[in-house]
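As structure tokens, the structure follows; a few thoughts come after it.
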Amino acid sequence: LIIAADGGCNIGKDWEIRPDVIIGDLDSDDGSWPEVERLHDPDQETNDLEKALTYAQNLRIPRVTIMGGTGQRLDHTLKNLSVLVRFNQAFQQLTFVDSYMQAQLISSPFEMVSKPGQKISLVALSGPVKGIVSEGLQYPWAGQDLIVGDYDGTSNQATANRVSLRFEEGDLLLILPKDTSEGFTTKDSQPS
């Protein structure tokens with residue numbers, strides 16, 4: 001099911017991806033795909049991504065890949081990352097994909113298939129991530145806290161064919177650069 005969040009249908013046209021439904025306040029819809037159903041939701045308290053995810057949640061869709069959720073505007077990207085935190089528990093897997101990376105909020109314990117040299121970044125999204133322990137990373141974690149502006153988790157690398165992470169609490173974002181990303185494979189999911 002391809003759900004276009006308002007102006008996302010315009011980008012879909014450029015990529016020749018036909019949406020099944022277009023949802024949002026429809027202020028950015030250029031009229032592409034006139035045959036596609038549009039669900040107008042004028043609520044200005046939620047953004048179009050929230051509207052699309054609520055629609056997917058109501059349909060009980062277990063896994064969602066968000067394309068184009070990180071764009072040219074930093075304010076929109078930060079808002080969409082906030083939406084990721086809000087909706088993460090509603091889906092088995094909620095993944096952001098763009099031209100440069102793939103990102104997913106992970107829960108503890110987490111395990112993924114990797115390959116030596118694969119770049120891996122960890123980011124605390126909504127406050128500290130406490131007590132991180134890792135296996136299979138060049139710069140290991142041994143119970144430290146990841147705190148924005150204080151202790152950084154970017155540009156690490158896998159040293160083995162499997163990376164595992166545990167942490168006590170917090171919203172931990174795992175980012176795999178596109179050049180090394182083959183999709184998330186965890187013990188509980190299939191590659192996206």
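The values are calculated or read from the model by the stated rules, or taken from the named source; none is laboratory data. Keep in mind the model is a prediction, meaning the values are calculated, not measured. We place every Cβ from the backbone using ideal geometry, glycine too, and count neighbours over all the protein chains shown. Surface accessibility is based on the protein's heavy atoms, side chains included, excluding ligands, DNA and RNA. Shrake-Rupley method; radii C 1.70, N 1.55, O 1.52, S 1.80 Å.
Based on this model, can you work out whether S99 counts as of a type in the set (G, A, S), modelled with pLDDT of 90 or more and within 30 Å of S164 (Cβ to Cβ)?
No, not satisfied.
Is it fair to say K130 is open to solvent by 20 Å² or more (accessible area, probe 1.4 Å), more than 16 Å from the chain's Cα centre (by Cα) and either closer than 19 Å to G149 by Cα or at pLDDT below 90 (or both)?
Working: open to solvent by 20 Å² or more (accessible area, probe 1.4 Å): yes; more than 16 Å from the chain's Cα centre (by Cα): yes; either closer than 19 Å to G149 by Cα or at pLDDT below 90 (or both): yes.
Answer is yes for this residue.
Quick grid of which residues meet (1) in contact with a strand residue (DSSP E or B) (Cβ under 9 Å, 6 or more places away or on another chain); (2) within 21 Å of T95 (Cβ to Cβ); (3) buried (at least 17 other Cβ atoms within 10 Å of the Cβ):
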residue: I2; (1), (2), (3): yes, yes, no
residue: D14; (1), (2), (3): no, no, no
residue: N47; (1), (2), (3): yes, yes, yes
residue: R60; (1), (2), (3): no, yes, no
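Residues of the stretch 145-174 being out of contact with any Gly (no Cβ under 8 Å at 6 or more places or on another chain) and crowded, with 16+ Cβ neighbours inside 10 Å, which ones?
If the condition is that a residue be out of contact with any Gly (no Cβ under 8 Å at 6 or more places or on another chain) and crowded, with 16+ Cβ neighbours inside 10 Å, then G153, N156, L165, L172, L173, L174 are the ones that fit.
What number of residues in the stretch 54-84 are free of Cβ contacts under 8 Å to residues at least 40 places away in the same chain, among the hydrophobic types (A, V, I, L, M, F, W, C) and outside any strand (DSSP E or B)?
Number of matching residues: 3.
Identify all residues within the stretch 119-141 that are part of a loop (DSSP other than H, G, I, E, B) and over 18 Å from F96 (Cα atoms); write none if there are none.
Across the stretch 119-141, the qualifying residues are G127, P128, G136, Q138, Y139, P140, W141.
Kindly provide the set of residues from the stretch 66-76 that are surrounded by fewer than 15 Cβ atoms within 10 Å (Cβ to Cβ) and either within 14 Å of the chain's Cα centre (by Cα) or within 9 Å of F96 (Cα to Cα) (or both), ordered by number.
The one that is surrounded by fewer than 15 Cβ atoms within 10 Å (Cβ to Cβ) and either within 14 Å of the chain's Cα centre (by Cα) or within 9 Å of F96 (Cα to Cα) (or both): G71.
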